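K.L.:
Structure incoming, see below.
The values are calculated or read from the model by the stated rules, or taken from the named source; none is laboratory data. These figures come from a predicted structure and were not determined experimentally. Note: ideal-geometry Cβ built from the backbone for every residue, glycine included; neighbour counts use all protein chains shown. Please note that ligands, DNA and RNA were not included when accessible areas were found on the heavy atoms of the full protein model with its side chains. Shrake-Rupley method; radii C 1.70, N 1.55, O 1.52, S 1.80 Å.
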Amino acid sequence: MREFDRRSFLSTVAGGVAGAGLLGKTLLVDGGVTEVRSTRLMMGTLVTVTAVTRDPDRAELGVERAFAEMSRLESVFTRHDSEGEVARLNEAGVLAEPSPELVTLLRRCRRVYDRTDGAFDPTILPVVSAYESGSNDPREARRRVEGTSFDAVDVSASELRTPTPVTLDGVAKGAVVDAGVTALRDWVDAGLVEAGGDVRAFGGDGAGSESRWRVGVEDPRGDGLAETLRLDSGGVATSGSYRLYYDADRTEHHIVTPGSGRSPTEDTSVTVVAPDAETADAYSTAAFVMDDDRASSVLADRGGLSALFLTRDGGRRATDGWGDLQVTD
């Protein structure tokens with residue numbers, strides 16, 4: 001089976017130029033406005049930072065600061081570094097004096113967990129790990145997650161405790177992207193950070209009547225795009241089952257329903273647009289797990305979120321507000 005990044009790739013277009021695949025590229029856009037772009041390998045994927053300003057030196061500094069901050073937070077949130085905080089928490093079940101960033105992210109995970117009735121739950125790691133290890137029979141791992149939930153995870157500023165290993169895969173990339181944007185904002189007028197499909201942009205409304213940023217949502221059934229979106233500012237993320245799967249008919253994949261350990265099969269991808277990438281990341285994961293009716297209701301209650309559901313049978317469903325984001329020309 002093909003193994004790619006867990007997120008569906010969203011091709012990002014900035015000022016009419018593809019946002020990924022360029023290293024240290026500087027472009028004169030118009031009227032003295034300069035676009036500086038750099039792509040590097042982070043978080044197991046390609047991460048692109050694009051900065052737009054009239055001062056190339058500030059743009060280059062901003063790009064460097066963004067990458068530095070993202071690299072710092074990647075080391076905090078990853079579960080793949082045996083010396084990292086999450087790995088040590090999972091190994092011992094307890095972590096004293098956790099970093100403030102990890103505590104804050106886990107508390108935000110708790111809020112999403114509560115608002116989605118447990119559809120977003122970081123304690124599904126045993127099933128994910130069984131798949132990642134090449135196990136063809138994850139039933140034992142499913143038994144391990146039966147009856148477990150994020151309710152059992154204790155989060156405080158001085159100590160973390162969990163009886164079940166946790167993963168931040170469904171939210172950390174968005175959080176890291178947001179941190180990169182926060183660093184970049186201090187240096188430039190407009191910018192965009194894209195990491196393997198998680199996108200955060202700002203300053204797009206300064207490009208005249210048309211938004212500077214356009215984000216393409218990949219079509220799971222082919223090589224083209226299902227949608228192209230205008231994005232003045234905010235975050236976009238997609239959860240999909242078609243890039244990382246473990247059986248021939250793609251019904252067992254890396255997105256897992258909490259409690260049962262089974263992979264949901266109603267959709268092939270769910271894309272969420274939100275005020276920031278972390279929120280889009282978490283809610284696209286939760287929405288993929290829930291049935292589409294329930295997910296649409298939860299997103300509507302949350303406010304400020306729009307979503308596109310591409311179903312396994314080739315259908316499509318969009319929430320209110322999605323049409324306002326579409327590029328139709």
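K.L.:
Mind listing whichever residues of region 302-329 are over 23 Å from Asp178 (Cα atoms) and assigned to a helix (DSSP H, G or I)?
P.N.:
Gly323, Asp324 - these are the residues of region 302-329 that are over 23 Å from Asp178 (Cα atoms) and assigned to a helix (DSSP H, G or I).
K.L.:
So is Thr319 of a type in the set (Ser, Thr, Tyr) and out of contact with any strand residue (DSSP E or B) (no Cβ under 9 Å at 6 or more places or on another chain) or not?
P.N.:
Working: of a type in the set (Ser, Thr, Tyr): yes; out of contact with any strand residue (DSSP E or B) (no Cβ under 9 Å at 6 or more places or on another chain): no.
No: the conditions fail for Thr319.
K.L.:
Might you check whether a residue that is over 23 Å from Val199 (Cβ atoms), at pLDDT below 95 and among the basic types (Lys, Arg) occurs anywhere in region 40-56? Even if it seems obvious, please write down each step before you answer.
P.N.:
Within region 40-56, the subset over 23 Å from Val199 (Cβ atoms) is 54-56.
Within this subset, residues satisfying the condition of being at pLDDT below 95 are 54-56.
Checking the rest, the ones that are also among the basic types (Lys, Arg) come to 54.
Yes: one or more hits.
K.L.:
Which pairs have Cβ atoms under 7 Å, sit 6 or more apart or on different chains, and link a residue in region 89-115 that is over 20 Å from Glu74 (Cα atoms) and in contact (Cβ under 8 Å) with a residue 60 or more places away in the chain to one that is open to solvent by 20 Å² or more (accessible area, probe 1.4 Å) and not in a helix (DSSP H, G or I)?
P.N.:
Going by the 7 Å Cβ cut-off, the qualifying pairs are Gly93/Arg161; Gly93/Pro163; Val94/Glu159; Val94/Arg161.
K.L.:
So, one more: For residues in region 89-100 being part of a helix (DSSP H, G or I) and open to solvent by 60 Å² or more (accessible area, probe 1.4 Å), which is farthest from Glu159 (Cα to Cα)? Don't jump to the end; show me each part of the working.
P.N.:
Pass one, region 89-100, residues part of a helix (DSSP H, G or I): 89-92, 100.
Filter again for open to solvent by 60 Å² or more (accessible area, probe 1.4 Å), leaving 91-92, 100.
On the way: Glu91: 15, Ala92: 12, Pro100: 11 Å.
Ranking the candidates gives Glu91 first.
K.L.:
Of Gly204, Gly208, which residue is at pLDDT below 95, under 25 Å from Pro56 (Cβ atoms) and in contact with a Phe, Trp or Tyr (Cβ under 7 Å, 6 or more places away or on another chain)? Lay out the reasoning, then the answer.
P.N.:
Numbers: Gly208 fails: in contact with a Phe, Trp or Tyr (Cβ under 7 Å, 6 or more places away or on another chain).
After applying the criteria, what remains is Gly204.
K.L.:
Take the conditions β-branched (Val, Ile, Thr), open to solvent by less than 10 Å² (accessible area, probe 1.4 Å), touching a strand residue (DSSP E or B) at 6+ places or on another chain (Cβ under 7 Å) and touching a residue at least 40 places away in the same chain (Cβ under 8 Å) and apply them to Val86. Does it pass?
P.N.:
No; evaluated as a whole, the condition is false for this residue.
K.L.:
Pick out the one residue from Asp232, Asp267, Asp249 that is at pLDDT below 85, surrounded by fewer than 18 Cβ atoms within 10 Å (Cβ to Cβ) and among the acidic types (Asp, Glu). Quick ask: steps written out before the conclusion?
P.N.:
Working: Asp232 fails: at pLDDT below 85; Asp267 fails: surrounded by fewer than 18 Cβ atoms within 10 Å (Cβ to Cβ).
Answer to the check: Asp249.
K.L.:
Then there's this: Just one of (1) in contact with a strand residue (DSSP E or B) (Cβ under 8 Å, 6 or more places away or on another chain); (2) in contact (Cβ under 8 Å) with a residue 60 or more places away in the chain trips up Thr39, so point out which.
P.N.:
(2)
K.L.:
With the structure loaded, tell me whether Leu105 is surrounded by 16 or more Cβ atoms within 10 Å (Cβ to Cβ) and within 17 Å of the chain's Cα centre (by Cα) or whether it fails that test. First the steps, then the outcome.
P.N.:
Values: surrounded by 16 or more Cβ atoms within 10 Å (Cβ to Cβ): yes; within 17 Å of the chain's Cα centre (by Cα): yes.
Spelling it out, Leu105 is indeed surrounded by 16 or more Cβ atoms within 10 Å (Cβ to Cβ) and within 17 Å of the chain's Cα centre (by Cα).
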